[in-house]
Structure formats: structure tokens, C-alpha cells
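The values are calculated or read from the model by the stated rules, or taken from the named source; none is laboratory data. Keep in mind that this is a model prediction, so the values were computed, not measured. Cβ placement follows ideal geometry from the backbone for every residue including glycine, while neighbour counts extend to all protein chains displayed.
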Amino acid sequence: MFPKWFDDWNKKNPKDIYGPAILVGAVGGAIFVAAFLVTWGQPLATDSMQTGPRGQGMSVPEFKADLATPDPAIALVSENEPLIPEAGEQLAGDIYENVQVLGGLTDANFNRLMAAMTEWVAPEQGCAYCHGDGDLETYGEDNLYTKVVARRMIEMTQNINENWDGHVNANKQVGVTCMTCHRGQNVPSNIWFKITPVNESVAGWSANQNRATSISQSTSLPSDALEKYLLEYETIAVHDLESRVDNQPGDPLIQQTERTFSLMNYFSNSLGVNCVFCHNSRAFYDPGQVTPQWGTASLGIAMVQELNNDYLVPLQDIYPEHRLGPIYADAPKAACKTCHQGYQQPLQGTNVIADWPELATTSGTPVYE
């Protein structure tokens, strides 16, 4: 291919052609990557949300790519403006039989809400999920457990919107509907059941730990944190910061401390945040130096305790066997992740209650605007 004299000269004067080629390739690759990042953006770029006083390192970093990606479930939220009632309209309680909760709604708004609940909870089964396959005349019957549970869940949703405004609407109007938890599923994801004890072979107090479970967030921390704190009202606390203290009856021990850490880990995973979202990084144990989010979270704890004990646990005898817990046959219960599902606000703060005043009051008389 090349002249003979050229080949002879190359043999007598060998040169390193690989080194320069590698260098040129590396420089060219770096230029390409730099041009790509400038054009398309840094995929690992982060943004920080300040949670406390400046200079304290109290911020929550998040990937910009994640912030720009909406929760897929938001696509299931659609506008559906209520129909302003007119004087003299018949109410659902006067038209249909056995309307125990929403009887004060007009026929149009009652059916509008029923259709929405079907999409939120049972889009595949439709009305039959709660009312069965009978004719419309049979819709007043309470033959299916799903209808009885749904009625109680409507009351629970109304209670949340009316009485827990400080938690649900801490920053702006957001509210909750069936959609907040169900998201098109018959059974909400991230519910929980009792599973303790999980380590009976350990002598003494097993701490219900050292087995990675879903409730302990796949850690060796205690697996009974949700049960103790969000169901049994046990005080959330840690042991004394001083060593060799004389513990008094009722003082938290290291076991309760580990259980508290388990709950805090659950909170972080549920909201996709770190500890300084609620706590001051230099004074974790000082309640006077917490962030505003700490107050919101405290209200959330009290709210979930009420929901579990007043609404969810009492339904245990209503559920069929396959809907109960695998170990204790207990009713499904809620916690932070049931609504938040990895976001600081459920559905990233989407206002889901704006079109549903019927679910924002327990009086039975919605305020339409």
C-alpha cells in the first residue's frame, strides 16, 4: 500500500503512535462529555431546600432530575368541578336507600363523587366492587364488605380534611381524597400489619430486631416501631445523653432509643428526606431548636394514631380473611408512607381536594364556591 522506501524508513525509525492516539482520544472524549453536559445538563446536579437557620447545614439536597420528574400518580388526578346546587334540588338521601354518609348531597354531586371513587379505588371492577352485580335497586344493600369499609373511609377522609388541617394543609391547600392513598388500586400500597416478635430465639429482650423486615426498612433496627408508636401511643424518646445516669421507672432505655431510630428511619424513607428536615443538626435532642417541619410531623403522628385506632383497626371484623394480616389476622393500618410514598408531600403537593368539598366536611353540607 505504501512505497517500499516508506516501509523501510518506518522499520529503521519506529515511533510510538499509540500514546498520542490515546491522548487525542481521551481529550476528544472529555470534550464530547463536556459538550454533552452543557447541552443536556448535569444529570447528577442537586438542589437544596433550606429547612432551618442559615449556617447550620440544615438543608435537604435533592437531584434536580428527580425534582423535574413528577410523581406518576399525578396523571391520575383530573379536574372535576362540582355542580353548584340549585334551590329545590332533591338530595341523594331522599332519592336512594341507605345513604348514611353523603345523603346531604344533590343527586348530581352524589353521583359525581361515586364515579370518582370508582376511578380512585376500583377502575377495573367499577361500581360492582362495592355494590355487586345486581340491578340499581340493590345498590342500597350492605352485602359486600367493600361498601361498609368505603363508607367508613369516606368518614375518615372527611375527618382528615376538617380536623387535621395543620398537617395536611401546612403550606397550602392540598387536602386528601381516596386517590391520595389508593391511586387506582383496591388496596393502598404501603399499608402495614403486626409482625413482631421476629427474633424469638434470642435470650432476654430480643429488641424485635436483627432481622431485616419491610417495616424496619430492611435494617436490623426494631421492627415494632410502627406498632408501638403509631398504634399503641408509646412515647417517642431516646435514652439520657449523659452516661451512668440513674434511670427512673418509665425512662426510655437503649431499647426504646433503637425503636425511635427505627421510626425516624421510616420517616426519612417515607418522605424522601434526611434528619435535618425536622431536626437541628447540632442539637438533635433540643425541642426548642427544631424546624417548622417538626411541628407538622408531630401533628402527622397524632393524626395517624387516631386514624389507626378510631377508623382502621375497628374494621377488623368486617374484612374477609384474605384482607387481614398474615400473622395476627389484624386489620391493615396506615402510616406516613401510605400517603407520602417517598415525597415530602403526597402527590408532590397537588391540590386534590379543590373539586371535592363533599370530602372536606363532616357536617354533610359542603360549601360550594
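How many of the residues making up segment 133-170 are farther than 25 Å from TYR319 by Cβ and either part of a loop (DSSP other than H, G, I, E, B) or charged (D, E, K, R) (or both)?
Adding up the residues that qualify gives 6.
Here are some residues: THR69, THR46, THR51. Which one is touching a Ser or Thr at 6+ places or on another chain (Cβ under 7 Å), of a type in the set (Ser, Thr, Tyr) and at pLDDT 75 or above?
THR51
In segment 318-353, how many residues are of a type in the set (A, V, I, L, M, F, W, C) and buried (at least 18 other Cβ atoms within 10 Å of the Cβ)?
Number satisfying all stated conditions: 8.
In segment 178-195, is there at least one residue being in a loop (DSSP other than H, G, I, E, B), under 15 Å from GLN345 (Cβ atoms) and modelled with pLDDT of 80 or more?
yes
Mind checking which pairs have a first residue in segment 165-186 that is among the charged types (D, E, K, R) and a second that is in a helix (DSSP H, G or I), Cβ under 6 Å, 6 or more apart or different chains?
Hits for this filter: ARG183/ALA73.
Which of (1) more than 20 Å from PRO357 (Cβ to Cβ); (2) touching an Asp or Glu at 6+ places or on another chain (Cβ under 9 Å); (3) part of a helix (DSSP H, G or I) does ALA65 not meet, given it meets every other one?
Answer for ALA65: the failing condition is (2).
Exactly one of (1) surrounded by 15 or more Cβ atoms within 10 Å (Cβ to Cβ); (2) in contact with a helix residue (DSSP H, G or I) (Cβ under 7 Å, 6 or more places away or on another chain) is unmet by VAL367. Its number?
Of the numbered conditions (1) surrounded by 15 or more Cβ atoms within 10 Å (Cβ to Cβ); (2) in contact with a helix residue (DSSP H, G or I) (Cβ under 7 Å, 6 or more places away or on another chain), the odd one out for VAL367 is (1).
Exactly one of (1) out of contact with any helix residue (DSSP H, G or I) (no Cβ under 7 Å at 6 or more places or on another chain); (2) in a helix (DSSP H, G or I); (3) among the small types (Gly, Ala, Ser) is unmet by ALA73. Its number?
Going through (1) out of contact with any helix residue (DSSP H, G or I) (no Cβ under 7 Å at 6 or more places or on another chain); (2) in a helix (DSSP H, G or I); (3) among the small types (Gly, Ala, Ser) one by one, ALA73 breaks only (1).
For GLY325, state whether it is in the same structural domain as VAL238 (by TED's automatic domain parsing) and more than 20 Å from THR196 (Cα to Cα).
Considered against the rule, which asks whether it is in the same structural domain as VAL238 (by TED's automatic domain parsing) and more than 20 Å from THR196 (Cα to Cα), GLY325 comes out as no.
Among the residues of segment 81-103, write down those that are charged (D, E, K, R) and in contact (Cβ under 8 Å) with a residue 60 or more places away in the chain.
Answer for segment 81-103, where residues must be charged (D, E, K, R) and in contact (Cβ under 8 Å) with a residue 60 or more places away in the chain: just GLU81.
I'm told ILE301 meets every condition in (1) buried (at least 16 other Cβ atoms within 10 Å of the Cβ); (2) within 17 Å of SER223 (Cα to Cα); (3) of a type in the set (Val, Ile, Thr) except one. Can you identify the failing condition by its number?
Checking ILE301 against (1) buried (at least 16 other Cβ atoms within 10 Å of the Cβ); (2) within 17 Å of SER223 (Cα to Cα); (3) of a type in the set (Val, Ile, Thr), the one that fails is (2).
Inspect segment 241-250 for any residue being touching a Ser or Thr at 6+ places or on another chain (Cβ under 9 Å) and of a type outside the set (Gly, Ala, Ser) and give the result as yes or no.
Checked against the condition, which is being touching a Ser or Thr at 6+ places or on another chain (Cβ under 9 Å) and of a type outside the set (Gly, Ala, Ser), segment 241-250 yields no hits at all.
Can you tell me which condition THR106 does not meet? The list is (1) out of contact with any Asp or Glu (no Cβ under 7 Å at 6 or more places or on another chain); (2) under 24 Å from TYR368 (Cβ atoms); (3) without any contact (Cβ under 8 Å) to a residue 40 or more places away in the chain; (4) not basic (Lys, Arg), and all the others hold.
(1)
Consider only pairs whose beta carbons are under 9 Å apart and that are at least six residues apart or on different chains; among these, list those whose first residue lies in segment 299-314 and is within 14 Å of LEU263 (Cα to Cα) and whose second residue is of a type in the set (S, T, N, Q) and assigned to a helix (DSSP H, G or I).
Note: pairs meeting the criteria are VAL304/THR338.
So, of the residues in segment 238-266 that are under 24 Å from VAL313 (Cβ atoms) and in contact with a helix residue (DSSP H, G or I) (Cβ under 6 Å, 6 or more places away or on another chain), which turns out to be surrounded by the most Cβ atoms within 10 Å (Cβ to Cβ)?
Out of the qualifying residues, it is ARG259.
Select, from PHE284, PHE267, PHE261, PHE277, the only residue that is aromatic (Phe, Trp, Tyr), touching a strand residue (DSSP E or B) at 6+ places or on another chain (Cβ under 8 Å) and assigned by TED's automatic domain parsing to the domain that holds LYS172.
PHE277
Please note which helices (runs of 4 or more DSSP H) are completely contained in segment 245-362 and include at least 2 residues that are under 20 Å from the mean Cα position of the chain (by Cα) and among the polar types (S, T, N, Q).
Passing ranges, in order: 254-271, 292-306.
Which count do you get for residues in segment 111-160 that are over 28 Å from the mean Cα position of the chain (by Cα), under 22 Å from GLU81 (Cβ atoms) and in contact (Cβ under 8 Å) with a residue 24 or more places away in the chain?
So the count comes out to 0.
Going through segment 127-144 one residue at a time, which ones are under 17 Å from ARG112 (Cα atoms) and modelled with pLDDT under 90?
LEU136
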